[in-house]
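Please read the structure below before turning to the comments.
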Amino acid sequence: MKCEPWQCPLCGGPLTGERDLKCPSGHCFDRAKEGYWHLLPVQSMRTKAPGDSKEMVAARRAFLNGGYYSIFGQALGELCLEYGQPAAPDAPLHLLDAGCGEGWYDRCIAGQFEAAEQPLALAGFDIAKPAVRWAAKALPAARYAVASSFAQPVRTGWADLLLNCFSPFAREEFLRVLRPGGRMIYVVPGAEHLYQMKAILYDTPYKNPVQQVAYEGFRPIGEREVSGTITVPAAQLEALFAMTPYYWKTPRDGAARLAALPELTTDIAFRFLVFEKE
């Protein structure tokens, strides 16, 4: 990756180096043995281990590696190829994954770019160190860091294309790290996503709202929805449940009903909203 994506989280200066990253002010960040950098200052951490736990990351990794969300990975890679525009014709696409998790989405994208023989410079970050550790081990060609969406250690204007998949929407930071004319793919659940799971969890299940939201500084340029049906065995149901916001707000009896099932067949649906920086 010729142009490093990172800037110093302490002073904002550019970070350079292959292994140890250093800024002009002398701040230095060592690369972990798995290949990532910890760019989340201690003073910005509300807890000692922010984000998903090691167990939650392992469960999500096992679920995603099972291929249940394959239609998601396929569509995301296709959209990155369609809407991603490098800053120069012969340059790689600078792709930034804000909230990368354990990197499963990134590996889907990297595979499609390789198949299409399109150059890709991929960087991603997440606040959960266990997730970033897996991402860096699984895709060594990418650059990964532990960081927050609301104080991204990313150089201003570095990204040609930014991904935000079910992660916090940090509008001001997204606008800052995207170059002029850069684009963003924002992924949200479709109306029917996991509806049958919600019918088990809640007495009155509900569909996800489908709304068009305007984001200042961005103009919408595309939208796509993909949907399908999956059957999840009991061994993976807890992992799927833990990947959703319902995990934190479901009454105990609803969670018990889900845990008692031998398997669950449910709809999945994803909306991909594409924006361009104005």
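The values are calculated or read from the model by the stated rules, or taken from the named source; none is laboratory data. On a predicted model such as this, the values are computed, not experimentally measured, just so you know. Ideal geometry is used to build each Cβ from the backbone, glycine not excepted, and the neighbour counts take in all protein chains shown. Note: areas computed on protein heavy atoms with side chains; ligands, DNA, RNA excluded. Shrake-Rupley method; radii C 1.70, N 1.55, O 1.52, S 1.80 Å.
List of remarks:
- Scan of the stretch 182-235 for residues that are in a helix (DSSP H, G or I) and either surrounded by fewer than 19 Cβ atoms within 10 Å (Cβ to Cβ) or of a type in the set (Phe, Trp, Tyr) (or both), ordered by number: Tyr195, Gln196, Ala199, Ala234, Ala235
- The residue pairs whose first member lies in the stretch 266-278 and is within 10 Å of Tyr186 (Cα to Cα), whose second member is among the aromatic types (Phe, Trp, Tyr) and in a strand (DSSP E or B), and whose beta carbons are closer than 9 Å, counting only pairs six or more residues apart or on different chains, are Arg271/Tyr186; Phe272/Tyr186; Leu273/Tyr186; Val274/Tyr186; Phe275/Tyr186; Phe275/Phe218.
- Every test in (1) assigned to a helix (DSSP H, G or I); (2) modelled with pLDDT of 95 or more is passed by Phe241 save one, and that test is (2).
- Hits in the stretch 68-106 (condition: part of a helix (DSSP H, G or I), farther than 20 Å from Phe275 by Cα and in contact (Cβ under 8 Å) with a residue 24 or more places away in the chain): Ile71, Trp104
- Any hit, the stretch 173-181, residues being part of a strand (DSSP E or B), touching a helix residue (DSSP H, G or I) at 6+ places or on another chain (Cβ under 9 Å) and not β-branched (Val, Ile, Thr): no
- Filtered residue count, the stretch 237-260, keeping only those that are of a type outside the set (Ser, Thr, Tyr) and open to solvent by 40 Å² or more (accessible area, probe 1.4 Å): 12
- Residue that is out of contact with any strand residue (DSSP E or B) (no Cβ under 8 Å at 6 or more places or on another chain) and hydrophobic (A, V, I, L, M, F, W, C), where the choices are Leu194, Leu178, Leu201: Leu201
- The set of residues from the stretch 9-38 being assigned to a loop (DSSP other than H, G, I, E, B), free of Cβ contacts under 8 Å to residues at least 40 places away in the same chain, hydrophobic (A, V, I, L, M, F, W, C) and over 20 Å from Arg176 (Cβ atoms) is empty.
- In this entry, Ala121 passes the filter for residues that are modelled with pLDDT of 95 or more, touching a Leu at 6+ places or on another chain (Cβ under 8 Å) and open to solvent by less than 10 Å² (accessible area, probe 1.4 Å).
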